[in-house]
Amino acid sequence: MEAATIVQRAFLREGITLRLNAKITSVEHNGGHNLLLYESEGKEATLEVDEILARAGRTPNVEGLNLEAVGIQYEPGKGVLVNDHLQTSNPRIYAAGDVCMAWKFTHAADFAARIVIQNALFLGHKKLSALTMPWCTYTDPEIAHVGLYERDASDRGLEIDTYLREFKEVDRAVVDGEEDGFVKIHVRKCRDEILGATIVARYAGEMISEISVAMAARLGLGKLASVIHPYPTQAEAIRQCGDAYNRTRLTPTVKKWMGRWLAHQRKG
């Protein structure tokens, strides 16, 4: 929700008008003009536009392939059915990409194809579920994500701690005039295990890879605190989240001792 709010504010600053909770009832062409008729909050309205962009979504094109002849099961709208090893119902045939996967990204299809090659040709046992899959929405600012959201963790019965660093607290973002963004990282409660992260930034798609690497290599957030980042960079927000995590690991006794030591240093 926070990410969508930031992008919405950016749209409004750029002069983009948003019609929210609207239902288009009809489209008319009148004298070279395109008119959208819609309902919003119980009221009818008309909007004149230059062009109309319709998003129809993506549906796997499996009809007409005669998949039944080779024993491959599929569902209209969902595509070819595969197991976690990307095997179809015919164990000698595999599938990868948009035709069978919920992740409909180019990079997802690439790595799924690698799984198919290993499993089909080299007797491998690679699993699709083992992939750490980041994605990015290329708005301005970008929204990048990897792993679980809070709601996903809740659905799985996982308790999490969340560490947030807003860019208004990051020097490079302030200098760039891009304070309206953040890095948010979720870790398993009482364990240094990164479960997911969201970044909203101009180059969030580039920044999310550092967290993806940590998750794939099973490096905890505390470890990221020790990774030196060039100063100033916006990616430093990731390390600062690690610092915030490490501060929670201090016992009350250590905190008390450090407080006394700092007070002594100030007097000195």
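Odds and ends about this structure:
- Among residues of region 1-12 that are over 16 Å from Ala204 (Cα atoms) and of a type in the set (Phe, Trp, Tyr), those with a Cβ under 8 angstrom from a residue that is surrounded by fewer than 13 Cβ atoms within 10 Å (Cβ to Cβ) and modelled with pLDDT under 90, sequence gap 6+ or separate chain, pair up as Phe11/Leu18.
- Here Glu48, Glu63, Glu68, Glu41 are screened, and the one residue that is of a type outside the set (Val, Ile, Thr), out of contact with any strand residue (DSSP E or B) (no Cβ under 8 Å at 6 or more places or on another chain) and within 30 Å of Tyr138 (Cα to Cα) is Glu41.
- Answer from Glu39, Glu75, Glu44, Glu68 - the residue that is over 20 Å from Gly124 (Cβ atoms), surrounded by 12 or more Cβ atoms within 10 Å (Cβ to Cβ) and of a type in the set (D, E, K, R): Glu39
- Criterion (part of a helix (DSSP H, G or I), in contact with a strand residue (DSSP E or B) (Cβ under 6 Å, 6 or more places away or on another chain) and not assigned by TED's automatic domain parsing to the domain that holds Ala10) met by exactly one of Gly205, Gly196, Gly222: Gly205
- Residues located in region 148-177, provided they are among the hydrophobic types (A, V, I, L, M, F, W, C) and either touching a residue at least 40 places away in the same chain (Cβ under 8 Å) or outside any strand (DSSP E or B) (or both): Leu148, Ala153, Leu158, Leu164, Phe167, Val170, Ala173, Val174, Val175
- In region 51-78, the residues that are at positive phi form Cβ pairs under 7 Å with partners that are assigned to a loop (DSSP other than H, G, I, E, B), at six or more places apart or across chains, as follows: Gly71/Ser89; Gly71/Asn90; Gly77/Thr59.
- Residue, surrounded by the most Cβ atoms within 10 Å (Cβ to Cβ), within region 155-200, restricted to residues that are small (Gly, Ala, Ser) and under 20 Å from the mean Cα position of the chain (by Cα): Ala197
- Whether a residue is surrounded by fewer than 20 Cβ atoms within 10 Å (Cβ to Cβ), under 22 Å from Tyr203 (Cβ atoms) and out of contact with any strand residue (DSSP E or B) (no Cβ under 7 Å at 6 or more places or on another chain) was assessed, and Asp140 passes this test.
Here's the yes/no breakdown for (1) out of contact with any helix residue (DSSP H, G or I) (no Cβ under 8 Å at 6 or more places or on another chain); (2) assigned by TED's automatic domain parsing to the domain that holds Ala197; (3) at pLDDT 95 or above; (4) part of a helix (DSSP H, G or I):
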position	(1), (2), (3), (4)
Gly57	yes, no, no, no
Val62	yes, no, no, no
Asn83	yes, no, yes, no
Ala102	yes, no, no, no
Ala108	yes, no, yes, yes
Ala112	no, no, yes, yes
Gln118	yes, no, yes, yes
Leu123	yes, no, no, no
Lys126	no, no, yes, no
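The values are calculated or read from the model by the stated rules, or taken from the named source; none is laboratory data. This structure is a prediction, so every number in the text was calculated from the model and none was measured. Heads up, the Cβs are rebuilt from the backbone with ideal geometry, glycines too, and the neighbour counts pull from every protein chain shown.
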